[in-house]
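Here is the structure we will look at, set down as structure tokens.
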Amino acid sequence: MNMLDQLKALEQEALATLAAALDAASLEEWRVAVLGRKGTLTHALRGLGQLPRDERPAAGAEANRVKDRLEAAFTTRQETMQQAEIARALAAEAVDVTLPGRPPSLGRIHPSNAVLRRIYAIFGQMGFQVYDAPDVELDEVNFQLLNIPPDHPARDMQDTFYTKDPRVLLRTHTSPGQIRAMRDHAPAPLRVILPGKCFRYEQVTARSEFMFHQVEGLAVGKGITMADLKGTLQEFANQLYGAGRHLRFRCSYFPFVEPGVEVDMDCILCGGQGCRLCKYSGWLEISGAGMVHPVVLRNGGYDPEVYSGFAFGMGPERITMLKHRIDDIRYFFSNDVRFLEQF
Ligand code: FA5
């Protein structure tokens, strides 16, 4: 067989095997076997040099044509294969855009936080700033500086959770924040609310949790009187529960105020007639309060001969219960969405 026939036969065979190559591996095998350094075509091209001179131009031209043809065929086959691979991948990863989506579930503000924000806004309008005090407190600040020495009977009303260090406990009320705020500001006049979590080691019931929020209020300055306390709480009740609320101040005892009071508001359900909510008394308790005790003023850095102040402490969960007529405080922190999503 002369060179030209040999080249034609090589071309036919190579094209036939190329057509049979169905994957990338066999395509690569074909490239090595035909176009590679030791491939059949390369081998044939090398043989051109041994041809007689007059046969070389024709054989050379034919060899180049075959080489171009096979290279072009290889490229085309490779591209076709890549396209097919892309098409297969796209089909496999196809997303059905007509499927209904998963709706994101919308969060809500927790009812305790919602009423806290409302309380901040109301007292903010009256010039009270929010002061943050720690949940983990010293016995000294939670009790002693508030006029409750060790073994004082008032400690029985506010037992708490203790840490390994007997000096450190979880605060039972926000009142220790009074000491911290006063020490931060004295002797400048001061008007703050102190919101936050409180903890008590007590029986959990429909009205009492072992963890709950309080909002403390404190105003210290010259010439502050009980009338300021009454006016401030009256304005608060009007803003939160609607204008025209009636408040009642009942004598009470807290070691850190003198005089001390419990503040009641006319029942929001019956307007004072008497119903189940107010236990037929016509009144709902909303806050403990009083004039800051001289000992506490002194512990906070104010001279009680010159300065006076009022303080109050209320429970936002109980306030929310009244507002929305919730009959069990345990709903607040049991994380039942059927409860939480109503707010
Ligand atoms: C106090 O804790 C005083 N520190 C309040 C105070 C501040 C008086 C400043 C005078 C001057 P009391 O123990 O009554 O007081 O609690 C105040 C409010 O916290 C209660 O009216 C109630 O709303 C809320 N509270 C108390 N204990 C619980 C509890 N276990 N679960 C839910 N709320 C509670």
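Okay, here's what the table says:
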| item | result |
| --- | --- |
| Derived scalar couplings ³J(HN,Hα) [the range 102-107; Karplus, 6.51 cos²θ - 1.76 cosθ + 1.60; whole Hz; x for Gly, Pro] | 8, x, x, 7, 7, x |
| Where the range 3-92 is the region considered: accessible area per residue in Å², 1.4 Å probe | 66 Å² |
| Summed residue charge, Cβ within 10 Å of residue 111's Cβ, Lys/Arg positive, Asp/Glu negative | +1 |
| Cα gyration tensor category, rounded, prolate or oblate, for the range 148-195 with a/c compared to 1.5 | prolate |
| Candidate aspartates and glutamates for bridging to residue 222, where Cα separation is under 15 Å - those fewer than 8 sequence places away on the same chain excluded | 303, 305 |
| Column: log10 I(q)/I(0), Debye, Cα scatterers of the chain, q = 0.08, 0.10, 0.11, 0.14 Å⁻¹ | -0.52, -0.70, -0.81, -1.10 |
| With all protein chains modelled, accessible area of residue 279 [1.4 Å, Å²] | 150 Å² |
| Lys, Arg +1 and Asp, Glu -1 on Cβ, resulting dipole of the chain about Cα centre, debye, nearest 20 | 440 debye |
| The range 202-268: C-alpha gyration tensor shape, a/c 1.5 cut-off, then a/b vs b/c | oblate |
| For residue 27, net neighbour charge (Lys/Arg +1, Asp/Glu -1) across residues whose Cβ lies under 12 Å away | -3 |
| Distance from the range 139-175 to the range 11-55 (C-alpha centre basis), Å | 94 Å |
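The values are calculated or read from the model by the stated rules, or taken from the named source; none is laboratory data. As the structure is a prediction and not an experimental result, all values here were calculated from the model. Glycine also receives a Cβ, built like all others from the backbone with ideal geometry; neighbour counts cover every protein chain displayed. We work out accessible area using only protein heavy atoms, side chains counted, and drop any ligands, DNA or RNA first. Shrake-Rupley method; radii C 1.70, N 1.55, O 1.52, S 1.80 Å.
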